[in-house]
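Here it is, the structure in full.
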Amino acid sequence: MKRLYLAIILLLTSFIYVIHKVTQEKLYLKKFSFNAENPVKLDWGSIRIDTGFMENSSDSYYYIWMTPVYFLILLAIILTLTTFFKRK
């Protein structure tokens with residue numbers, strides 16, 4: 001039962017991580033920081049926010065990598081599945 005609770009906590013933590021990163025008002029870009037409302041593009045590997053601060057430049061993109069989220073979800077699934085198997 002402890003594993004199931006831990007799995008639920010990990011899933012909630014991964015969702016809180018994504019929400020926290022996407023809803024930040026101030027984004028740090030390489031050379032400056034800028035407050036802006038940003039369009040968000042979701043990919044499998046990352047969330048990309050185009051600040052539009054510099055046109056035709058890759059420096060104006062803010063990336064949030066999804067690797068920690070996938071790791072926490074995988075760990076939560078493993079812990080959930082192991083709760084159904086009892087030790088003898």
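The values are calculated or read from the model by the stated rules, or taken from the named source; none is laboratory data. Given the structure is predicted, the values throughout are model-derived calculations rather than measurements. Cβ atoms come from the backbone with ideal geometry, glycine included; neighbour counts cover every protein chain shown. These accessible areas exclude ligands, DNA and RNA; they are computed on the full protein's heavy atoms, side chains included. Shrake-Rupley method; radii C 1.70, N 1.55, O 1.52, S 1.80 Å.
Checking the conditions here, which among 11, 27 is surrounded by 12 or more Cβ atoms within 10 Å (Cβ to Cβ) and modelled with pLDDT of 80 or more?
Result of the check over 11, 27: 11.
In the range 33-52, how many are assigned to a loop (DSSP other than H, G, I, E, B) and at pLDDT below 70?
Summing the residues that are assigned to a loop (DSSP other than H, G, I, E, B) and at pLDDT below 70 in the range 33-52 gives 4.
So which residues in the range 38-53 are among the aliphatic types (A, V, I, L, M) and either more than 30 Å from residue 5 (Cα to Cα) or loosely packed, with under 15 Cβ neighbours inside 10 Å (or both), if there are any at all?
Answer for the range 38-53, where residues must be among the aliphatic types (A, V, I, L, M) and either more than 30 Å from residue 5 (Cα to Cα) or loosely packed, with under 15 Cβ neighbours inside 10 Å (or both): 40, 42, 49.
Looking only at the range 54-87, count every residue that is open to solvent by 40 Å² or more (accessible area, probe 1.4 Å) and assigned to a strand (DSSP E or B) and tell me the total.
3
Quick one: count up the residues across the range 59-68 that are at pLDDT below 85 and over 14 Å from residue 41 (Cβ atoms).
The qualifying residues number 1.
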